[in-house]
Amino acid sequence: MLRFAPSIILCISILSSVVPNASAQKLSHPHKIVQKNTTAQNIIDEKPPLRTKALYSLEKVTSSDLPTLPIDSVTAGADAKIAFQSALQKQLDRCLVESQDEQWSFAGTMVSRKQWCVKTVQWFLAKIAVSPTLEDVYQSAKKELQWYRSVGDPSAPSPNEVLFTGYYHPLLKAKLIKDAVYHYPLYRKPKNVNYTRAQIVAGALNGQGLEIAYASNPVDPYLMEVQGSGVVMLQNADGTETRVLVNYGGENSYPYTSLGKLMRAAGIPDEYISLQGIRKYFIDEHPELWEKFSNQNESYVFFTEAADGPYGSAGVILTPGHSIAVDLKQFPLGAIALVQSEKPTNTTGEDVDAWQPFAQFMISQDTGGAIKGPGHIDIYWGSGPYAEMVAGHSQQIGRLYFCLVP
């Protein structure tokens with residue numbers, strides 16, 4: 001299928017390389033499993049020569065370099081203006097209680113946190129208050145703000161290419177008390193985290209009272225680790241359910257290995273390399289192979305019960321379709337970005353019917369171990385079937401821009 005090449009623009013209110021086989025990260029999430037995308041896969045297969053590494057992660061651009069697509073809603077049924085306004089206000093509240101002296105290089109010019117995280121956010125809030133739509137805000141932003149474009153992945157065939165993956169907030173059916181069916185634990189963080197996944201699965205944490213709940217299979221807790229947070233739906237004896245929100249609670253000290261990469265290396269068809277495909281392969285078809293594959297990923301994620309969330313690394317509750325995870329060595333938290341990428345044409349179902357281009361404002365509010373370099377961004381899609389579908393299949397090539405107030 002012909003793919004539209006998206007883009008992301010970091011807007012500072014005049015504000016890893018592409019790893020197609022790697023997982024994307026958490027809500028302070030550890031690592032994400034992404035599905036093959038034709039364009040992204042070609043990057044691996046063709047192995048083009050590396051371009052000269054850019055001195056900076058961002059390059060300054062003019063309004064003529066910005067996407068011409070209209071700003072729209074990226075999540076099903078969401079009012080983009082209201083959602084983005086809420087995300088901006090939460091980000092500003094956080095920025096105002098943190099030090100504003102931090103400096104960051106935007107294409108070689110040092111910029112203070114006050115400029116990208118306070119003044120630029122305030123500019124957007126003021127514009128939204130008097131603008132009918134986000135498209136109107138965008139037209140003003142193109143004229144009044146300074147714009148910067150990510151240099152993208154140096155190994156990609158074309159300059160400025162960025163890989164967009166996705167993550168979401170999963171629901172996990174579980175029980176508080178272990179029984180013959182529900183006996184796969186979700187753990188709080190222990191004092192000693194120096195155990196591998198295999199050791200933990202074998203019982204290294206038994207008897208410490210760290211179990212939050214028990215799932216009916218080992219795959220869903222693993223996938224919740226991939227996302228870094230979620231909702232545990234406790235199954236009560238009377239047939240009712242109790243919702244328990246869990247957030248990222250830390251990790252062990254071992255490196256992450258992508259399950260999708262392991263599956264591809266073993267010759268498992270690409271149709272299974274997605275959140276949905278992994279469930280089908282390891283729960284329905286080959287449960288006996290689960291530990292053989294999953295234990296090769298020695299990293300393990302722990303959880304903590306929470307009153308609200310999910311929170312990203314910026315300390316702000318994430319907003320579906322408006323929060324992104326970035327590499328903190330490349331981009332700062334709290335910066336406003338313009339993303340041009342693709343979204344599914346369908347809003348229901350487990351599989352994506354087709355992809356269509358979109359452009360939307362987002363905020364860098366999270367990070368993750370698998371998000372490396374200026375060429376990989378993870379979009380938070382929220383919770384529910386649509387979010388799971390998009391997160392499970394997203395691997396779209398695009399561009400990224402940031403903006404700043406002068």
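The values are calculated or read from the model by the stated rules, or taken from the named source; none is laboratory data. Note that the structure is predicted; figures quoted are calculated from it, not measured. Please note: Cβ atoms are built from the backbone with ideal geometry, for glycine as well, and neighbour counts cover all protein chains shown.
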**Request:** Enumerate the pairs (first residue in the stretch 171-190 and surrounded by 17 or more Cβ atoms within 10 Å (Cβ to Cβ); second residue anywhere and assigned to a loop (DSSP other than H, G, I, E, B) and charged (D, E, K, R)) with beta-carbon separation below 8 Å, excluding pairs fewer than 6 apart on the same chain, so at least 6 apart or on different chains.
**Result:** P185/K178
**Message:** Could you go through the stretch 202-223 and let me know if any residue there is within 30 Å of G315 (Cα to Cα) and exposed (fewer than 13 other Cβ atoms within 10 Å of the Cβ).
**Reply:** yes
**Message:** Just checking, does the stretch 181-200 include any residue being closer than 23 Å to G166 by Cα, part of a loop (DSSP other than H, G, I, E, B), of a type outside the set (F, W, Y) and not assigned by TED's automatic domain parsing to the domain that holds M389?
**Reply:** no
**Asked** K372 fails exactly one of the following numbered conditions: (1) within 24 Å of Q330 (Cβ to Cβ); (2) touching a strand residue (DSSP E or B) at 6+ places or on another chain (Cβ under 8 Å); (3) not small (G, A, S). What is the number of that condition?
**Response** (2)
**Asked** What number of residues in the stretch 162-171 are at pLDDT 95 or above and over 14 Å from the mean Cα position of the chain (by Cα)?
**Response** 0
**Request:** Scan the stretch 383-392 for residues that are in contact with a Ser or Thr (Cβ under 7 Å, 6 or more places away or on another chain) and either under 13 Å from M362 (Cβ atoms) or buried (at least 24 other Cβ atoms within 10 Å of the Cβ) (or both) and report the count.
**Result:** 1
